[in-house]
Amino acid sequence: LFLPITWFYLTRIAHPIKIKVLPGGREIIKKKLEELGPMRREEKYILVIFLLTAFGWMFRKNIDIGILTIPGWSNLLGIEKTFPNGTVAIFSALLLFMIPVNLKRGRFLLDWDVAVRIPWRILILFGGGLALAHEFKISGLANWIGTNLNALKAVPLIVAVIVVILTIDFLTEVTSNTAVTSIFMPILAVTSIGMGVHPYLLMVAGTIAASLAFMLPVATPPNAVIFGSGYLTLPQMARTGFGMNIIGMIITTI
């Protein structure tokens, strides 16, 4: 439901597209694909490292799927407490610096001349969002917000849902949506029980609201990637994203 409405909003209201066909678009794409050619050796190496990193994250801890438990490699090695996801990422990055492409020329998959051109400001911005979410938790601010959410017991159910969606939506604009969700799910569960409704009502609404972060780069990695491209300014992203937030909140509430 949200996807076609988003398409209509972006292409007809927020940024109206005046042309019906992009001249030469297909030819450009075809030409670029031909220029890529077959995968080179170094590209295959990077693909392997990418897959190892993804599987390293996915299978780091035991996965309980009810009828069986898939053992995590960190549990098997007894290092689950000392080998977090960040260490997996750093290990993979180090591999890129260590695997040679051409030893005679001293070329590796990644060198510092290339690494300095990574958009570090976007990574630091997103890391700041994670740090801010962590401060929400350890400073007690999350608990304070949760305590005030208990006041929702006295209001009509639809008003409670709207308040939860609004709160989490705009919190996740300045912090990591994953971190906000993990902090607020227990709070929303307790609040729901206090209201005499099934916990899923507020928890599902809050989870979806945490994904309605379209205004700022810090909100979610896709936003950071798009902003890092340099094609969008912050005011453009905030203005267009605000409209999408409102649409998302209305649909989620209904």
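The values are calculated or read from the model by the stated rules, or taken from the named source; none is laboratory data. In this text, all values refer to a predicted model and were calculated from it rather than measured experimentally. Every residue, glycine among them, receives a Cβ derived from its backbone with ideal geometry; neighbour counts consider all protein chains shown. Ligands, DNA and RNA are stripped out before the accessible areas are found, and what is left, the full protein with its side chains, is counted by its heavy atoms. Shrake-Rupley method; radii C 1.70, N 1.55, O 1.52, S 1.80 Å.
Taking (1) within 28 Å of PHE214 (Cα to Cα); (2) open to solvent by 100 Å² or more (accessible area, probe 1.4 Å); (3) at pLDDT 90 or above; (4) assigned to a loop (DSSP other than H, G, I, E, B) in turn, PRO38 satisfies each apart from (1).
Please work out which residue is least open to solvent (accessible area, probe 1.4 Å), limiting yourself to segment 196-247 and to residues that are in a helix (DSSP H, G or I) and of a type in the set (Phe, Trp, Tyr). Steps first, please.
Taking segment 196-247 and keeping what is in a helix (DSSP H, G or I), we get 199-209, 217-219, 221-228, 234-247.
Next, only the ones that are of a type in the set (Phe, Trp, Tyr) stay: 200, 227, 242.
Numbers: TYR200: 152, PHE227: 30, PHE242: 98 Å².
By that ranking, first place goes to PHE227.
For segment 212-219, the criterion of a residue being under 18 Å from PHE136 (Cβ atoms), in contact (Cβ under 8 Å) with a residue 60 or more places away in the chain and of a type in the set (Gly, Ala, Ser) is satisfied by at least one position. Filtering PHE184, PHE108, PHE126, PHE97 for residues that are out of contact with any Lys or Arg (no Cβ under 8 Å at 6 or more places or on another chain), aromatic (Phe, Trp, Tyr) and either at positive phi or open to solvent by less than 30 Å² (accessible area, probe 1.4 Å) (or both) leaves a single hit, PHE184.
Pairing residues of segment 91-110 that are under 10 Å from GLU42 (Cβ atoms) with residues that are basic (Lys, Arg) and surrounded by fewer than 15 Cβ atoms within 10 Å (Cβ to Cβ), at Cβ distances under 6 Å and at least 6 apart in sequence or on separate chains, gives VAL101/ARG107. Only one of the numbered conditions (1) open to solvent by 70 Å² or more (accessible area, probe 1.4 Å); (2) under 26 Å from the mean Cα position of the chain (by Cα); (3) under 30 Å from PHE91 (Cα atoms) is not met by ALA54, and that is (1).
Going through (1) closer than 26 Å to ALA224 by Cα; (2) touching a helix residue (DSSP H, G or I) at 6+ places or on another chain (Cβ under 7 Å) one by one, LEU141 falls short only on (2).
Please find, within segment 1-32, the residue that is most open to solvent (accessible area, probe 1.4 Å) out of those that are of a type in the set (Lys, Arg) and in a helix (DSSP H, G or I). Working first, answer last.
Quick first cut of segment 1-32, residues of a type in the set (Lys, Arg) only: 12, 18, 20, 26, 30-32.
Filter again for in a helix (DSSP H, G or I), leaving 12, 26, 30-32.
On the way: ARG12: 121, ARG26: 203, LYS30: 130, LYS31: 120, LYS32: 119 Å².
Per the criteria, the residue is ARG26.
Among the conditions (1) touching a helix residue (DSSP H, G or I) at 6+ places or on another chain (Cβ under 7 Å); (2) among the basic types (Lys, Arg); (3) open to solvent by 100 Å² or more (accessible area, probe 1.4 Å), LYS81 misses just one, which is (1).
Of all residues in segment 146-176, which are open to solvent by 30 Å² or more (accessible area, probe 1.4 Å), polar (S, T, N, Q) and over 14 Å from SER192 (Cα atoms)? Reasoning before the result, please.
Filtering segment 146-176 down to residues open to solvent by 30 Å² or more (accessible area, probe 1.4 Å) leaves 147-148, 150-151, 153-159, 162-163, 166-167, 170, 174.
After this cut, where a residue has to be polar (S, T, N, Q) as well, the list is 147-148, 150, 167.
Of everything in segment 146-176, just one residue is open to solvent by 30 Å² or more (accessible area, probe 1.4 Å), polar (S, T, N, Q) and over 14 Å from SER192 (Cα atoms), namely THR167.
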